[in-house]
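The values are calculated or read from the model by the stated rules, or taken from the named source; none is laboratory data. Because the structure is predicted, anything quoted here is derived from the model rather than measured. Counting neighbours? That spans all protein chains shown, and the Cβs are built from the backbone with ideal geometry, glycine included.
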Amino acid sequence: MGSEQQNSDEHLLELVDVEASYGRAALVLRGLTVRVPPASVVCLVGPNGAGKSTVLKVASGMLAPRSGLILVGGDDVTGRRPQQMLEAGLSHVLQGHSVFKEMSVAENVLLGAYTIKDRSEVAERVGFVKDLFPVVADRWDSLAGALSGGQQKQVEFARSLMVSPRVVLLDEPSMGLDPRATNTVLEQVLRMRDAGTAVLLVEQNARRALEIADLGCVLDLGRVHVSGPAADLLADPQLGELYLGQRRASGPTSTHSP
Ligand SMILES: Nc1ncnc2c1ncn2[C@@H]1O[C@H](COP(=O)(O)OP(=O)(O)OP(=O)(O)O)[C@@H](O)[C@H]1O
């Protein structure tokens, strides 16, 4: 485990030495490096205000970095706008709920395909997301507002996959869901990965998210404090105590307060 993931040609998304702020306010990201390999779930954890959501905003072009590089498949996309980031292969599922409740599941999902002109490609993608998310297929003609919170989140996932992204950026997909719905949503995250889409995940439920992630990055004060295989982060007692809400079974209590 190290303070930074190793570089390689294999990464789909790389944020390298990124600094970012909101307007002229103080830096929120302070030289942060995060890399997402293919076919992986990379989870960002850390205390409130560490900058996790900001990493996703920078990656999707919602917030331009002050310095540093953003690479997609090795191509420099630094400074591109959200539509261009989408075209480069980065699809952002924002925090909170973004389904249009008075529209059908079908209409919500097809909103994700508005840039695709080829109708056969749209049909192919509809088939893909229906296979991946059975609830989307089963409730295709239902009003989205009639679905549970966890089901609505899967509609958002399906919408984000319509453009065949390389990496999906998921910001706290379990927010507001009960433990059972959280488990369902996180299982669907794994299905997305297994179907070929890498995932950069921010989750309030850090422990549960690391249990399903391949890699984890612990952020603190806008930097990567430590990163590595998610299982290693989970097994580290100090990280558990400081960042994952877990007390050590014995030994002195840390005085750190992240
Ligand atoms: N739109 C904004 N304008 C100004 N400051 C912002 C904005 N969004 C976030 N910030 C500030 O940036 C810092 C990092 O916020 P961010 O949401 O990225 O943290 P986070 O790690 O995702 O935290 P949380 O777990 O609470 O969502 C915080 O100090 C926050 O107040």
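Quick notes on this structure:
- Yes/no for ILE70 being buried (at least 22 other Cβ atoms within 10 Å of the Cβ) and among the hydrophobic types (A, V, I, L, M, F, W, C): yes
- Search result, residues across the stretch 39-55 that are over 14 Å from GLU172 (Cα atoms) and modelled with pLDDT of 95 or more: SER40
- Matching option when the condition is modelled with pLDDT of 95 or more and over 14 Å from the mean Cα position of the chain (by Cα), among LEU13, LEU32: LEU32
- The residues of the stretch 75-113 that are under 18 Å from the mean Cα position of the chain (by Cα), among the β-branched types (Val, Ile, Thr) and either closer than 20 Å to LEU44 by Cβ or in a helix (DSSP H, G or I) (or both) amount to a single one, VAL93.
- Picking from residues in the stretch 21-73 that are in contact (Cβ under 8 Å) with a residue 60 or more places away in the chain and in contact with a Pro (Cβ under 9 Å, 6 or more places away or on another chain), the one that is farthest from the ligand (Cβ to nearest atom) is SER60.
- Any hit, the stretch 82-89, residues being within 13 Å of the ligand (Cβ to nearest atom), closer than 26 Å to PRO229 by Cα, in contact (Cβ under 8 Å) with a residue 24 or more places away in the chain and not aromatic (Phe, Trp, Tyr): no
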